[in-house]
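Where a number appears in this text, it was derived from the coordinates with a stated rule and is not lab data. Keep in mind the model is a prediction, meaning the values are calculated, not measured. Ideal geometry is used to build each Cβ from the backbone, glycine not excepted, and the neighbour counts take in all protein chains shown.
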Amino acid sequence: MTAQTAISTVVTSHPLPIPLHKPKRLAKVQPRSSTPMLNETLKEKLGEEYQLKTFFGDEVMSMGESTLNDLAECYMTVFNESWGESWTISSAKSEITHSLRNDPERIPLISLLYKEDKIIGFCWVLLMDKNAMSKEHDMPWELSDVEKESGMTISKYWLKEVVKKERIMFIKELGVLKEYRQVVSPFLSIPILERSAQMGYDVGFLWTNVNSKAFKWGLGVGYSPVHFFITNNLLLMYGSVQGSLKAMRNVVEASFSKQSQYYMINNINKYLLKGEARN
């Protein structure tokens, strides 16, 4: 993704570090959050030492320096272990703060999963109008300018002519330390998807590559590939925020049983022409 247990982006064009700035405010009356319920489920199924924390809009400002450093360490570990990359805590922190830079057209929503005092997973999205999308910030960094322009053109066409939507939720990052990945990922995405839907964002977007876990995650929650770049096997995926939220809730509510993941597995197999779903 950039959704990423999945994918990461190496940003070298901005100085280190970049301070967090106050993002666009959310409405004063906040909708009800499922985070307390999710924390009860976490404690029941995994243990008292697990806790989910969320930061929406202005709340991102409450993330202190120690939280950013812990998040940077988790980010570095996830992508160095899973992708063979070479992040440092400093460069990871720079990428995180760059993503949360002062931009009134991009509202950040973030969830962090803790085991005791250690961050073991993270997810954040950026909410924006389709006209705020840019090739510099929202297309895969490995691509040429021509390929990025192509991705932007197709994305805006799809939003305008196919689904006729003005706003979009960009899944910027999703990552979990390897030993916890299969169990805790849904807990990270549910509050983010929930708040995005409550704020009126119907369409989700991510980019990844066809060999990544993010690709299968996207297929599983109902996202569709809209454009293949070929370069580095990269592609763009779009889908329903409500649909992906329903898929994640089903997994948690059915206690991670094989049956709870049938919907996602069937979606993956249907696209890849595998198993019974190919018929």
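Data for the structure
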read-out: Pairs beyond 20 Å (Cα-Cα), from K164/K274; K130/K160; K118/K213; K43/K213; K93/K213; value: K164/K274; K118/K213; K43/K213; K93/K213
read-out: Potential extension, Q51-N69 segment - 0.36 nm per residue separation minus Cα distance; value: 4.7 nm
read-out: Those GluC sites (Glu not before Pro) in region 129-226 that DSSP places in a loop and that have at most 15 other beta carbons within 10 Å; value: E142, E166
read-out: Rough spin-label spacing in nm, given labels placed 7 Å along Cα→Cβ, for V162 and E81; value: 3.5 nm
read-out: Convex hull volume per residue for region 35-272, taking Cα atoms only, in Å³; value: 123 Å³
read-out: ³J(HN,Hα) computed for each position of region 268-274 - Karplus, 6.51 cos²θ - 1.76 cosθ + 1.60, integer Hz, glycine/proline x; value: 5, 5, 4, 5, 8, 6, 10
read-out: Note, ³J(HN,Hα) from phi for region 32-48, Karplus 6.51, -1.76, 1.60, rounded to Hz, x at Gly and Pro; value: 5, 9, 8, 4, x, 5, 5, 5, 5, 5, 4, 5, 5, 8, 10, x, 5
read-out: GluC sites (Glu not before Pro) lying in DSSP loop within region 60-118, provided at most 12 other Cβ fall within 10 Å; value: E116
